[in-house]
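The values are calculated or read from the model by the stated rules, or taken from the named source; none is laboratory data. Predicted model, so just to flag it, every value in this text is computed and none were measured. Here Cβ is always computed from backbone atoms with ideal geometry, including for glycine, and neighbour counts include all displayed protein chains.
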Amino acid sequence: MSAEGRPEREFRPPGSSEVAKPRAWGDHNDAASVRLAECAKTFADGTRALLPLNLDIQAGETVVFLGPSGCGKTTLLRIIAGLAQPDAGGRVFFGDDDVTARPIERRNVGMVFQSYALFPNMTVAENVAYGLRVRRIRGDERRRQAAKLLDMMHLAGLGDRRVDQLSGGQRQRVALARALAVKPRVLLLDEPLTALDAKLRESLRVDIDRLLRSLGVTAVYVTHDQAEAMALGDRVAVMSHGRVEQIGAPQDIYYRPASAFVADFIGTMNRVSGQRDGASLRFPGGMLRLPGHAMAADHAMFRPQDARIVEPGAGALTGRVAAAFFLGSMTRVVVDLPGEQTIVIDTVERRSFVNGEAIGVDVDADALVILES
Amino acid sequence: MTTSSTPHPPRIRSAPSPRSRGEGRDEGHSRRFYAQLAFTVLVCAFLVVPVVLSVLAGLSQNFFVGVKSGLTLRWVGQVWSLYSGTIFLSLALALECLAATLVLGVPIAYVLARRPGRMARLFEELLVLPVAVPGLATALALILLYGGWRGFRASSLFILVGHVVFTLPFMVRSVLAVMAAMDLVTLEEAAASLGAGFFKRFFGVIVPNARYGILAGALMVVTLSVGEFNITWMLHTPLTKTIPVGLADAYASLRLEIGSAYTIVFFVMIVPLLVAMQWLSRERAPALAGRK
């Protein structure tokens, strides 16, 4: 599926056979793999936005860069796009094609921005067809492809509207159609849903997911929203302070975090610490049996939904209810353990909790997360 | 000159029902409204009456006798035969000045918008200097610098340079304001990501989206160029007179009716430009608001 060093071969001037017989949108053969080699970025003021990074993204894969603001994820996206240059020595490859020295307009990427960045001087259809116009595709062919893309984005019939007549969600759909129109080798999305309200975000996220899967386009997606990252990414790269802390399938990131930062950043994680005693971890509130591989650990972590509430004294831990919040689909119980430790448990049990009530908590050994060092 | 502020509702004495509050406002409204109307009419009259008098003077047989001496186009005809050259020169200068400020001003505004920084601000201030400095001083500086080049000094090109120096900041400011309001950098990045090189981005995306600023600046430049007197007065030669210079000349040396008729000609040229400018500023507001 790689482009095999064939840059800009897709759109020839009118008359070429490839243009006369455009492919179906479901067959996105232009998707290229992306390889970053020793890509670092230091800004003029000496800030290290990105530490040297090596990364391979498969053709057709969606990789989400997730992290708090200032973690370097947008810088990384801009380096792949060609809007920023890596420090000397860094290289960016699309397939086998070294694109490091090429500006963005010669990389054949598609880009979707948080602020939509639609051209206000053009209609919706003209926006979508802009990349084709730049590539000198004939007018009727342009219009045909734009209509097809708008149709695919549930925007059929809106082609003649002005951009400012659309809602935020519609605008971002147009932006997506515009980016896909050029059959990019890599699609780059920079927090595309951040400007939308929660409901729209959800529905557009589903649409984006469907599109990325069906088109098989290589996509790099940047967000600070972990739910978005989990839902969209084939792989998620969690970033912090210019470094990729962990990269892996969403399940890996969630259930097997590689660092305390990842564990804390993704979802809620309980952490209890105590004394090592053989295969167990002892602390005032009880004792947890550790999995075999946890050699020198003095702590254990687990997700709120991996703990079960049992009769007092029956589980591994015993504590008192500090607070309970009924959230509809579940109840979140905050439990104080003896020795100043607090844990959070999510339960679907249909019962109410009284503050101060003594409860037991059990956690399976294979649900425990133990970080080395 | 219209009543701009709506009158404040009067102070409420006792806890009133909504209805009585509304009535109180009506009463206060009417009194204040008529006071403001009277004031506005007075100010308008102050501005308009001289204009009307001037127009009448240019159309009457004998200004000192008044309109009852009869209306005539004779003076307008004389202005045409004596000063039509100044009209064509002024128009030509205005268009040349427009072309020059477009070619210089739009790129300057673009660079200033793309690189906001201390140097850019300094340059922007520097650019406005010719507006703050008296036109006579600007003109004198031009004469000192270029007066030795006889051919240049004697041509209308010399006046053009003065006009461009004076009007350029208006074009730059107008375009810069619009460019600063749109997300220039992201729009350009979006166009670049779709394969557009610099010139395609500049002429296909940036210029069309700055069109309201460019149009407003263009009308401003033409209006200012047509009406410019201070600099032109110093730079002109007997063969390169513009309308305002000719106007001064006519009032100084010919009968009042001809000068007044000349004023009419000037109005006919300048008023449509002013109206267009006003219309444009109204058109532009919703267009900018709708973008957000």
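Candidates A:LEU55, A:LEU77, A:LEU66: the one that is surrounded by fewer than 22 Cβ atoms within 10 Å (Cβ to Cβ), modelled with pLDDT of 90 or more and away from chain B (no Cβ under 14 Å) is A:LEU55.
Condition (residue is β-branched (Val, Ile, Thr) and under 16 Å from A:LEU211 (Cβ atoms)) applied to region A:95-108: is it met by at least one residue? Taking every residue of region A:95-108 in turn, none turns out to be β-branched (Val, Ile, Thr) and under 16 Å from A:LEU211 (Cβ atoms). Check region A:116-123 and report whether any residue there is surrounded by fewer than 20 Cβ atoms within 10 Å (Cβ to Cβ) and either over 23 Å from A:ARG171 (Cβ atoms) or more than 14 Å from chain B (Cβ to nearest Cβ) (or both). Looking for residues that are surrounded by fewer than 20 Cβ atoms within 10 Å (Cβ to Cβ) and either over 23 Å from A:ARG171 (Cβ atoms) or more than 14 Å from chain B (Cβ to nearest Cβ) (or both), one finds none in region A:116-123, hence no. Out of the residues in region B:185-213 that are surrounded by fewer than 20 Cβ atoms within 10 Å (Cβ to Cβ) and of a type in the set (A, V, I, L, M, F, W, C), which is farthest from the chain's Cα centre (by Cα)? Restricting to residues being surrounded by fewer than 20 Cβ atoms within 10 Å (Cβ to Cβ) and of a type in the set (A, V, I, L, M, F, W, C), the top hit is B:PHE198. For B:GLU257, the test of being within 14 Å of chain A (Cβ to nearest Cβ) and assigned to a helix (DSSP H, G or I) is failed. For region B:154-171, state whether one or more residues are more than 14 Å from chain A (Cβ to nearest Cβ), surrounded by fewer than 23 Cβ atoms within 10 Å (Cβ to Cβ) and not in a helix (DSSP H, G or I). Yes. Restricting B:VAL178, B:VAL221 to residues that are within 13 Å of chain A (Cβ to nearest Cβ), of a type outside the set (Asp, Glu) and crowded, with 21+ Cβ neighbours inside 10 Å narrows the list to B:VAL178.
Taken together, the residues in region A:112-157 that are of a type in the set (A, V, I, L, M) and touching a residue at least 60 places away in the same chain (Cβ under 8 Å) amount to 6.
When you scan region A:310-318, do you find a residue that is hydrophobic (A, V, I, L, M, F, W, C) and in contact (Cβ under 8 Å) with a residue 60 or more places away in the chain, even just one? No. Taking region A:148-178 as the range and being of a type in the set (A, V, I, L, M, F, W, C), assigned to a helix (DSSP H, G or I) and over 23 Å from A:ARG213 (Cβ atoms) as the test, only A:VAL163 passes.
Here A:PRO103 meets the list (1) within 14 Å of chain B (Cβ to nearest Cβ); (2) surrounded by 18 or more Cβ atoms within 10 Å (Cβ to Cβ) almost entirely, failing just condition (2). When region A:180-194 is filtered for residues that are at the interface with chain B (Cβ under 10 Å from one of its Cβ atoms) and either touching a Phe, Trp or Tyr at 6+ places or on another chain (Cβ under 6 Å) or not aliphatic (A, V, I, L, M) (or both), the ones remaining, listed by number, are A:PRO184, A:ASP190.
Scanning region B:229-257 for residues that are surrounded by fewer than 19 Cβ atoms within 10 Å (Cβ to Cβ) and β-branched (Val, Ile, Thr) yields one hit, B:THR237. Taken over region B:68-83, the residue count meeting the criterion of being in contact with a strand residue (DSSP E or B) (Cβ under 7 Å, 6 or more places away or on another chain) and surrounded by 15 or more Cβ atoms within 10 Å (Cβ to Cβ) is 1.
Residues are listed down the side, and each one gets a yes or a no for (1) under 24 Å from A:VAL262 (Cβ atoms); (2) within 14 Å of another protein chain (Cβ to nearest Cβ):
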{"residue": "A:LEU150", "(1), (2)": "no, no"}
{"residue": "A:SER167", "(1), (2)": "no, yes"}
{"residue": "A:GLN172", "(1), (2)": "no, yes"}
{"residue": "A:ARG178", "(1), (2)": "no, yes"}
{"residue": "A:ALA198", "(1), (2)": "no, no"}
{"residue": "A:ASP209", "(1), (2)": "yes, no"}
{"residue": "A:LEU215", "(1), (2)": "no, no"}
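Within region A:179-224, the residues that satisfy the criterion of being modelled with pLDDT of 90 or more, part of a loop (DSSP other than H, G, I, E, B), farther than 24 Å from A:ILE137 by Cβ and touching a Leu at 6+ places or on another chain (Cβ under 9 Å) are A:PRO192, A:LEU193, A:HIS224.
Of all the numbered requirements in (1) buried (at least 19 other Cβ atoms within 10 Å of the Cβ); (2) among the β-branched types (Val, Ile, Thr); (3) more than 15 Å from B:SER90 (Cβ to Cβ), B:VAL226 misses one, and that requirement is (3). Before we move on, is A:ALA263 farther than 18 Å from A:ASP190 by Cβ, crowded, with 21+ Cβ neighbours inside 10 Å and small (Gly, Ala, Ser)? Here the answer is yes, as A:ALA263 does meet what is asked.
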